[in-house]
Structure formats: C-alpha cells, structure tokens
Amino acid sequence: NAGVTQTPKFQVLKTGQSMTLQCAQDMNHNSMYWYRQDPGMGLRLIYYSASEGTTDKGEVPNGYNVSRLNKREFSLRLESAAPSQTSVYFCASSVPSGTYEQYFGPGTRLTVT
Amino acid sequence: QQQVKQSPQSLIVQKGGISIINCAYENTAFDYFPWYQQFPGKGPALLIAIRPDVSEKKEGRFTISFNKSAKQFSLHIMDSQPGDSATYFCAASMGGFQKLVFGTGTRLLVSP
C-alpha cells in the first residue's frame, strides 16, 4: 500500500495563477482532509470530506476549492494564487471509527511569488 | 482563535533525559487528544492518543498525562534519544468525526 500520495511535491506559482493539488489514498478510508502548515501556526484545516460526495469548510477555506472525485481522490484548487497561500499543504485520510487516526501524505511545498 | 495552546515552542534535551511538552485546551466538548510526530520533510504521524476517561496512557517511552479539571494534557518522552528529534503536535477533537484542532507544535532536539 502506498498510503496517501500527493502531487506535486514542489510548486512555484506567480500571483494570480491557478493550480490543483492532487491527493489519493489506497486505504479505503471514508474521510479525507486538506491542511496547510505554516511556521508557528501548526496545521490548520482548509477543507474536509467526511465521505464520498460531501465536502465542508474547515478553519481557513478562503481562496480554496475542493473536489472529492471518488472515494480515493480529494483535490485542492487555488483559483487565483496569492503570496499568503505560500505554505506546505498536507492531505490526510482517516479511518471512520475506533482511533480515527489520520494518515498524512508527504506534503506539497507551494511558493507564490 | 487558538483552541489548543502548546508550549514550549522549542526544546533541547540531552540524550537520556525527559522531554515534556504541554498543551491546554478551552473547549470542554473535546473528547479525543492525540499527539502527532513529524520528521523534517515528512507528514505528521500519530504517536499516541488519549480519551478523557483516563488520566494517563503509556506506550513504550511515551506517556500522555491528562488533567481534565485543568483542561491540560502533556507528552512525556522518557530516556529521550537523538532519533526522537522531531516536531510534536498536540491536537483535540470532539464527537464521532475526526476534525482535529492542532497546537502550534514543539520542535524537539535531543543532543547526543
């Protein structure tokens, strides 16, 4: 099992450009998440999807959109990138019960100039 | 709005020593408190977790102490090793769905 995979690993964008971050999991998890990690601020939830076909806003959704394409894939789109969106982005998925452990991908380091 | 406050921001401990990281929360509805460990260039990974019906949970050299009345919980790493050098995040969530609120992280360095 690959676990949670993210593409790309690194990306540089100019202000105003758009891009989509891709995430896929092969653990048959129902729930998936997108976080951003900034120095001194920990991980902040952008959007999450409790199950296939549903998405909800997290703590910092402004400037982002998501698509839960199927049970495996959950993408994050920046329509018009801003320097404030320079961050490391993590995708995660979780088991639906028990420990509710979240499994994280390796991250995408995004720089917006 | 920081619902989970974590301290210290960074910590240096000698090999063999005890590392202690503290977290405080505000929302009494939180009912699940995990700790995640993150190595440079990697995503966080679950280390240990506790629910508020117990005051302590131990897994190997890692122990969570939980004080419900004070709304505080802490991670103790006994016999700290250089391989424990990483960033540690506490977190909290409520209800049956895992929507985690993370602390700001503690960068631990264990010196040889």
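The values are calculated or read from the model by the stated rules, or taken from the named source; none is laboratory data. Everything quoted here is computed from the prediction, not taken from an experiment. With ligands, DNA and RNA removed, areas are computed over all heavy atoms of the protein, side chains included. Shrake-Rupley method; radii C 1.70, N 1.55, O 1.52, S 1.80 Å.
At-a-glance table
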read-out: Cα-Cα separations in the protein assembly as shown greater than 27 Å, expressed as whole percent; value: 33 percent
read-out: Mean separation of Cα contacts under 8 Å, 6 or more apart, over the residue count of the range B:70-112: relative contact order %; value: 44 percent
read-out: Heavy-atom accessible surface that B and A bury in contact, both chains counted, 1.4 Å, Å² to 100; value: 1700 Å²
read-out: Rg [Å, one decimal], Dmax [Å, integer] - chain A, C-alpha atoms; value: 13.3, 43
read-out: For the range B:48-112: Kirkwood Rh in Å [reciprocal of mean 1/r, alpha carbons]; value: 13.2 Å
read-out: Among the listed pairs B:K5/B:K71; B:K15/B:K58; B:K71/B:K99; A:K14/A:K71; B:K68/B:K99; A:K9/B:K42, those beyond 22 Å (Cα-Cα); value: A:K14/A:K71
read-out: Principal axis dimensions, largest first and in whole angstrom, of the range B:1-95 by Cα; value: 36, 26, 20
